[in-house]
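The structure under discussion appears below in the form of structure tokens.
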Amino acid sequence: MWDDLKRLAAAREGRRIDALFAEDAARAQTFSVEAEGMLFDYSKTQIDAEVLEALLAVARGAEVEARREAMFGGAKINETEGRAVLHTALRNIAGVPVEVDGKDVMPEVLDTLSRMEALARDVRASGVTDVVNIGIGGSDLGPKMGTIALAPYHDGPRCHFVSNVDGADIADALKQCPPETTLFIIASKTFTTIETMTNARTAWDWLEEKGVSTEGKFIALSSNAEKAGEWGIPASRVFGFEDWVGGRYSMWGPIGLSMMIAVGPENFRAFLAGGQAMDTHFRSAPLEANMPVLLALVGMWHNQVLGHATRAVLPYENRLARLPAYLQQLEMESNGKSVAMDGETLTFDSGPVVWGEPGTNGQHAFYQLIHQGTRVIPCEFMVGARSHEPKLRHHHELLLANCFAQSEALMRGRDLDEARGKVAGKFEGAELVRQAKHRVFPGNRPSTTLVYPLLDPRTLGMIVALYEHRVFVEGVILDINSYDQWGVELGKELATALGPIVSGAESAEGKDGSTRQLVAFVQRNT
Ligand code: F6P
């Protein structure tokens, strides 16, 4: 499948993207899609009509549409764990029945949502000043990213997010919290994650040290009500969800509670509605006009076909500062696999390395490499047409201008002649050429841009769901299971075994030389 596309790519080698615009006045409109008020423009790439048709054929061949219906319909597409994949049910606020094993899951989903709303209203009205969400991975990245993104809507208590087992994380958070008015939310699907349980215990001990009762101070968000109960949290303070919600897909349900407390239940519902709007689009739009499908295919053209191993996510939206980190888990934990569904080793690359930072900051840090480095890094820009600071309109105009300028610069570049013009008068002869060469930008570097009217709760929901479905489409085409994460297990097992070795309770004998040396250094310096 990739061979045909690689042939198409080879035939286009050296062709300039800007020339494509010169040839086709309607290129921008042809290679872009609008859905739910957002515009995704992928025209500044090498994709042309023939390439797009071939990419769509790959999606059709992989039966993306049938697999999509299987996911929405509650089939157990997470085959290595025997689970359905139904985070979409969490934002199905109309309650349209969704069955797993013949049982409609919606009554319970909606019941949990109303319990969360009642609690959020209570907390917001009760004098709680600080909420500390203790969780890691999917139990941290989503609510943290979302709470920062929706800062203009944040009218509830202050929110802190503690994830790292590095004691610095919880120590720094607790310094800011009055013990009498702080609520702790322990967010862990399994309720066994060592980082989270260690931080939770530290929070408990801190309250006791401060002489403040722990009663009513802890809430659990978990699929494991039993473990939460054993830990000391009564059932009435546990918000559960089923195993068909993957950790990195869980911010739509109980794991989103801290964000709901921050922005209020109405705004949280708008976030859910945005996700659901993207679901409806994804389920109903033809593949060639389907935003998540096109986002996925553009990504695969760059990674699997052209071999660009990383992609940069560059939000020109300061409040999306944690979106790249969120997407790192979403995309890399989902599609960082090397085995196909049938257990055979993949013969092509799986997901790319995803990274990024908000613009314009990145421009003054790592864009140098994006513009002039030897490797091509496809860039995904995103920006809102409006900001929440109408009085600072000039800031926003500069932000927009910078965002659009970057994709233009990446595409156009600057050739030697133009570069010579820049230094003419300052240098002469061979020195002029030498100096000019350093100022050449190769250009022809691909990027996409997502534009939305304003980063409000609904738009945030649309963006997150857009990326979730992109991951799904890529996973289907790669024929991998996007919903397990066995690759994180080995490190956890070894860390458990190393604990007593690091503390000196057990000998390091039997470990490799490097590990023994590291442990010995730490022990000498403890
Ligand atoms: O170790 C990876 C992982 O299982 C993620 O998939 C998950 O989001 C994170 O750990 C936290 O897990 P839990 O919510 O069970 O504490």
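The values are calculated or read from the model by the stated rules, or taken from the named source; none is laboratory data. What you see is a predicted model; the values in this text were computed from it and never measured. Backbone-built Cβ (ideal geometry, glycine too); neighbour counts: all protein chains shown. Surface areas here come from the heavy atoms of the whole protein model, side chains and all, with no ligands, DNA or RNA. Shrake-Rupley method; radii C 1.70, N 1.55, O 1.52, S 1.80 Å.
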Long-range neighbours under 7 Å by Cβ, at least six apart or interchain, first residue farther than 19 Å from MET332 by Cα and assigned to a loop (DSSP other than H, G, I, E, B) within region 123-146, second open to solvent by 30 Å² or more (accessible area, probe 1.4 Å) and away from the ligand (no atom under 15 Å from the Cβ): GLY127/THR181; VAL128/THR181; THR129/ARG158; THR129/PRO178; THR129/THR181
ALA321 within 15 Å of the ligand (Cβ to nearest atom), surrounded by fewer than 19 Cβ atoms within 10 Å (Cβ to Cβ), at pLDDT 95 or above and more than 25 Å from ASP3 (Cβ to Cβ): no
Residue tally, condition in contact (Cβ under 8 Å) with a residue 40 or more places away in the chain and either of a type in the set (A, V, I, L, M, F, W, C) or crowded, with 19+ Cβ neighbours inside 10 Å (or both), over region 54-73: 10
Condition check for SER350: surrounded by 22 or more Cβ atoms within 10 Å (Cβ to Cβ), hydroxyl-bearing (Ser, Thr, Tyr) and under 20 Å from the mean Cα position of the chain (by Cα): no
Counted residues in region 167-198 being within 16 Å of the ligand (Cβ to nearest atom) and without any contact (Cβ under 8 Å) to a residue 60 or more places away in the chain come to 12
Of the conditions (1) assigned to a loop (DSSP other than H, G, I, E, B); (2) open to solvent by 10 Å² or more (accessible area, probe 1.4 Å); (3) within 16 Å of the ligand (Cβ to nearest atom), the single one that GLN328 does not satisfy is (1)
Out of all the residues in region 434-461, which are closer than 22 Å to PRO378 by Cβ and not in a loop (DSSP other than H, G, I, E, B)? PHE441, SER447, THR448, THR449, LEU450, VAL451, TYR452
Residues of region 203-228 being open to solvent by less than 70 Å² (accessible area, probe 1.4 Å), within 16 Å of the ligand (Cβ to nearest atom) and of a type outside the set (Phe, Trp, Tyr), which ones? ALA203, ILE219, ALA220, LEU221, SER222, SER223, ASN224, ALA225, ALA228
Can you tell me which condition PRO265 does not meet? The list is (1) in contact (Cβ under 8 Å) with a residue 60 or more places away in the chain; (2) closer than 30 Å to ALA405 by Cα; (3) not hydrophobic (A, V, I, L, M, F, W, C), and all the others hold. (2)
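Could you tell me which of the residues PHE241, PHE282 is more than 16 Å from the ligand (Cβ to nearest atom) and either under 28 Å from GLY82 (Cβ atoms) or buried (at least 24 other Cβ atoms within 10 Å of the Cβ) (or both)?
Exactly one residue qualifies, and that residue is PHE282.
Looking only at residues in region 127-147 that are open to solvent by 30 Å² or more (accessible area, probe 1.4 Å), touching a strand residue (DSSP E or B) at 6+ places or on another chain (Cβ under 9 Å) and more than 26 Å from THR496 (Cα to Cα), which one is farthest from the ligand (Cβ to nearest atom)?
My answer is THR129.
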